[in-house]
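Nothing in this text is a laboratory measurement; each read-out follows from the coordinates by a stated rule. All values reported here derive from a predicted model rather than from experimental measurement. Reconstructed Cβ throughout: ideal geometry from the backbone, glycine too, with neighbour counts over all protein chains shown.
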């Protein structure tokens, strides 16, 4: 399950594949389980580092020599639901939503608290495109701005 969910030490209770068709270009996977690896304790706080969509790797601008050709769009969507009833909580600080758009693609993350659940909805779209080498630095900055956001975003439980 690590390669599908990105979670280490996941105890899977149940998993299923939805709306699968042999000609489909995507798979919807639902996993229900528990993990202690996404929560860590720092002082009197508990910190949840939400699961994140993996982005494609690209070379740094000074290493890139050729144009980038993306023949087919890349579209990744993830919705994670965290049960907060297992935490003793006085206050939960959730990040603000982020919405980045450029000529190369889109990225957004929305955090919603509904009762004792926290929902993290994340989507990344990279358009089919030919990116000339002289525009590669802009493209790389778009990807890096997403990566920087993902590294800094945590849910803080006091």
For the stretch 48-116, shape from the Cα gyration tensor axes a ≥ b ≥ c, cut at a/c of 1.5 then a/b versus b/c, turns out prolate
If 153, 109 are placed from fewest to most neighbouring beta carbons inside 10 Å, the sequence is 153, 109
Assuming R0 = 30 Å, what is the FRET efficiency of residue 59 and residue 98, from their Cβ-Cβ distance, to the nearest 0.05? 0.75
Efficiency by 1/(1 + (r/R0)^6): what FRET value for residue 32 and residue 141, r their Cβ-Cβ distance, R0 = 41 Å, to the nearest 0.05? 0.60
